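The values are calculated or read from the model by the stated rules, or taken from the named source; none is laboratory data. What you see is a predicted model, and the numbers here were worked out from it, not measured in a lab. Here the Cβ positions follow ideal geometry from the backbone for every residue, glycine too, while neighbour counts run over all protein chains shown. SASA here: full protein model, heavy atoms, side chains in, ligands and nucleic acids out. Shrake-Rupley method; radii C 1.70, N 1.55, O 1.52, S 1.80 Å.
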Amino acid sequence: MGHDAGMPLATYKDLCIDVSDALVSGEYWEHMLGWKLQIHDDGDAHLRDAAGRVQVWLNVVPEPKAVKNRIHIDVNAESLQRALDAGATVFEKFPRWTTLLDPDGQEHCVFVREQVEKRPYELGWDCAEGPEVSHDLASWWQQVIGGAVVDDERGYSWLQDIPECPWDAIDYVGVPEPKTVKNRIHLDVTTTDLDALVAHGATVLRPKGDHGLGWTVLADPAGNEFCAFTD
């Protein structure tokens, strides 16, 4: 199918988190994000927003968390105690935010606000170091899911105003360590033109239909996994 070059190649669908226990992780993120938890018969779970849309999938996997996540959630909260009472532990403190570990050991950042109108805030996305690398990855994803790329004078870029996305932005920030294992957090998208994603630079890791798989697993040019759902 042909694609209009002026339109994004896909639409943001939701966020997937690999977990060891969907109930434990789900109860924590229900508390932090304000979305309703539903446990599935197979042990997985999802979080649904007030409008009824699934925003987060919690998928149980056998492998434990081994390295720092390449993608993490940032949330707004009226106090750090909200997260601690729900089972988080402090990992590192910064002037504007605190990095914590959820009950499954997943890194995330809490921004304390005097007034909290919206708990979901941003996604942080680690990439190789250098402002050009950050800009290029943000621009690649902008062509996939839309939005606007902003280059910060501090040497990183972010993607904001993403259609259908509950996060204010995705921040692409350089880190010294390379990607070494499968990401435990990834994006899902919907598309009518999988070939256009591949032509854009995505790599198919596992095709739809493989052992009954209902979607296609791909990787972006930096090796970050994501899933594409097609009609």
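For this structure, a couple of remarks:
- Ala138, sole failed condition from (1) surrounded by 19 or more Cβ atoms within 10 Å (Cβ to Cβ); (2) assigned to a strand (DSSP E or B); (3) aliphatic (A, V, I, L, M): (2)
- Taking the stretch 103-126 as the range and being under 20 Å from the mean Cα position of the chain (by Cα), surrounded by fewer than 22 Cβ atoms within 10 Å (Cβ to Cβ) and part of a loop (DSSP other than H, G, I, E, B) as the test, the residues that pass are Pro103, Asp104, Gly105, Lys118, Arg119.
- Scanning the stretch 1-41 for residues that are out of contact with any helix residue (DSSP H, G or I) (no Cβ under 8 Å at 6 or more places or on another chain), at pLDDT below 95 and among the aliphatic types (A, V, I, L, M) gives Ala5, Met7.
- For the stretch 197-212, filtered to residues that are under 21 Å from the mean Cα position of the chain (by Cα) and of a type in the set (A, V, I, L, M, F, W, C), the residue that is farthest from Gly6 (Cα to Cα) is Leu205.
- Strands (runs of 3 or more DSSP E) fully within the stretch 1-95 counting 2 or more residues that are closer than 21 Å to Leu187 by Cα and open to solvent by 40 Å² or more (accessible area, probe 1.4 Å): 11-19, 36-39, 54-60
- Residue check for Asn183: open to solvent by less than 20 Å² (accessible area, probe 1.4 Å), farther than 22 Å from Ala148 by Cα, in contact (Cβ under 8 Å) with a residue 60 or more places away in the chain and not basic (Lys, Arg): yes
- Scanning the stretch 174-194 for residues that are closer than 17 Å to Glu225 by Cα and aliphatic (A, V, I, L, M) yields Val181, Ile185, Leu187, Val189, Leu194.
- From Leu159, Leu194, residue being under 16 Å from the mean Cα position of the chain (by Cα) and either under 15 Å from Lys13 (Cβ atoms) or not charged (D, E, K, R) (or both): Leu159
- Matching residues, the stretch 135-157, being within 12 Å of Val173 (Cα to Cα) and among the polar types (S, T, N, Q): Ser157
Yes/no per residue for (1) in contact with a Leu (Cβ under 8 Å, 6 or more places away or on another chain); (2) free of Cβ contacts under 8 Å to residues at least 12 places away in the same chain; (3) under 24 Å from Val198 (Cβ atoms):
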residue	(1), (2), (3)
Pro8	no, no, yes
Thr11	no, no, yes
Leu15	yes, no, yes
Asp18	no, no, no
Asp21	no, no, no
Val24	no, no, no
Glu27	yes, no, no
Trp35	yes, no, no
Val56	yes, no, no
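- Considering residues of the stretch 186-226 that are small (Gly, Ala, Ser) and in contact (Cβ under 8 Å) with a residue 60 or more places away in the chain only, the residue most open to solvent (accessible area, probe 1.4 Å): Ala222
- The set of residues from the stretch 179-231 being assigned to a loop (DSSP other than H, G, I, E, B) and touching a Pro at 6+ places or on another chain (Cβ under 7 Å) comprises just one member, Gly201.
- Yes/no for Glu129 being surrounded by fewer than 19 Cβ atoms within 10 Å (Cβ to Cβ), in contact with a Phe, Trp or Tyr (Cβ under 8 Å, 6 or more places away or on another chain) and more than 23 Å from Leu205 (Cβ to Cβ): no
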